[in-house]
Amino acid sequence: MYTTARLEGSDPATKYAPCSVMVPIGVPGRISPSQQGPLAVLIVLFDDRKRAKLFRATCYRYCHELGVGTINNHMSYKTLIGAKAPAISLPDENGEEYNLVPGEDGRPIALFFYPQSGSIGCTREACQFRNAIAEQDVWKDSKVKVVGISRDPVAQQKAFVQKHNLTYPVLSDEKGEARQLYRTGQNLFGEARVTFVIDSKGIVRDTEDAMIYMDAHTRFVTGWLERLRKEQTN
């Protein structure tokens, strides 16, 4: 039996998301970090995409505090929003060690994790990032640093970069070290497809996890670059 409950807490995101949460507890109640007992399902009802993302991020942060996992823990990366982005050290497509330290050089970062180099969807996504860097003014003006990561070996990354003339580093995370740091596990489709926007101070500002609609990732980054530019001018 499901019942409607409101999410309670100090997180300011809650006030921007007047949505309901359905929880299988059988009786009316409230969800908070002090909630006792199992919490198995959250079904978020929302009225627009922006509010849904804010609300969902809040839900996952509270789930994390409660020790409640999602399917394969595949969305715990939401808990990184507002936190310092982890540093990464992995081989790039040339086999050379690439060190990514967010905030070190004052440039924003678009860090995207994808399932497999050479697959149709991932190729489309990677090429869209390449095109955005070359064609969109806000990407050029912001000097955004784009980095792609998958579990593919160095040789496959090199072939992928060369075939599609990618103009940014593509890292090999065969052991899943970066995925573990950024908490991007698996979803119902397999390896999660997640893009992080990290600001010039190294803070994770938001994430995009569209699995099928590849266009959503570059649009997401474009929107955030415009927002970050406005923040700097104010």
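Quick notes on this one:
- With both labels modelled 7 Å from their Cα along Cα-to-Cβ, the Ala83 to Asp137 distance reads 3.8 nm.
- Overall form of region 88-233 per C-alpha gyration tensor (a/c, 1.5; a/b vs b/c): rounded
- Cα shape, region 73-145, gyration tensor, a/c 1.5 rule: rounded
- Under 5 Å, built H, 5+ apart or other chain: amide partners of Arg205: Gly82, Val197, Ile198, Asp199
Only the coordinates and a few stated rules stand behind these numbers; no lab work does. Because the structure is a prediction, the values reported are computed rather than measured. Virtual Cβ from ideal backbone geometry, glycine too; neighbours counted across all protein chains shown.
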